[in-house]
1. May I ask you to list the residues in the range 89-111 that are within 17 Å of Phe149 (Cα to Cα) and among the aliphatic types (A, V, I, L, M)?
2. How about the range 37-65: which of its residues are under 20 Å from Thr162 (Cβ atoms) and within 17 Å of the chain's Cα centre (by Cα)?
3. For the range 122-140, enumerate the residues that are more than 20 Å from the chain's Cα centre (by Cα) and open to solvent by 80 Å² or more (accessible area, probe 1.4 Å).
4. Across the range 68-110, what is the total count of residues that are among the hydroxyl-bearing types (Ser, Thr, Tyr), in contact with a Gly (Cβ under 8 Å, 6 or more places away or on another chain) and surrounded by fewer than 12 Cβ atoms within 10 Å (Cβ to Cβ)?
5. Taking the residues in the range 31-67 that are open to solvent by less than 40 Å² (accessible area, probe 1.4 Å) and assigned to a loop (DSSP other than H, G, I, E, B) as candidates, determine which candidate is nearest to Thr124 (Cα to Cα).
6. Given the structure, is Gly113 open to solvent by less than 70 Å² (accessible area, probe 1.4 Å) and farther than 21 Å from Asn29 by Cα?
Amino acid sequence: MKKLTSTLGILMLWVLTSVPAAFAYDSWNYPEFNQDITVMKSGKLHVVETIKADFTKDSHRGITRSIPLGYTNQFGNPLNLRFNLISVTDENGNSHPLAENGEDWGEYFLRIGDANIWHDEVMTYVITYEVQRAILYFDDHDELYWNVFTYSDVPALSSTVTVHL
């Protein structure tokens, strides 16, 4: 029993020290990922995402962003969000090129960047869009159903959300 406990202890120590290093991802990151959401009286959301991407350690052409469009309401019924892309710019309002965008497998995806231009600096992407059907209505309250930062292999070092009613 003592040998088993000792072996498990060594195994746990190895897992705790080795596994996180194997999954460490530091070639590039999002130093900031911020969303500013305005809920309109109609229930429509006006969303402005400001994403900073640090390519100083690993040059990239741009970023990929996916936004889930489907969810299940309080009755278990599937619902789809209505998505309308307004713009993709930098922090000065200059347009970023879109390599690809559209709906696929229940998500709206954006591939932002030019295939011929590599960046090795901190880039800012401002994505502005509107979404309908993200508010769930109950008898005693309403609920904003929203995934702020969806799955990504790239870590976000800082993230904020501001909601205006």
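1. Within the range 89-111, just Leu110 meets the criteria.
2. Residues satisfying the conditions are Ile37, Leu45, His46, Val47, Val48, Glu49, Thr50, Ile51, Lys52, Arg65.
3. Within the range 122-140, Tyr137, Asp139, Asp140 meet the criteria.
4. 0
5. Filtering first and then ranking leaves Phe55.
6. It is false that Gly113 is open to solvent by less than 70 Å² (accessible area, probe 1.4 Å) and farther than 21 Å from Asn29 by Cα.
The values are calculated or read from the model by the stated rules, or taken from the named source; none is laboratory data. Quick caveat, the model's predicted, so the values are computed rather than measured. Cβ atoms come from the backbone with ideal geometry, glycine included; neighbour counts cover every protein chain shown. Please note that ligands, DNA and RNA were not included when accessible areas were found on the heavy atoms of the full protein model with its side chains. Shrake-Rupley method; radii C 1.70, N 1.55, O 1.52, S 1.80 Å.
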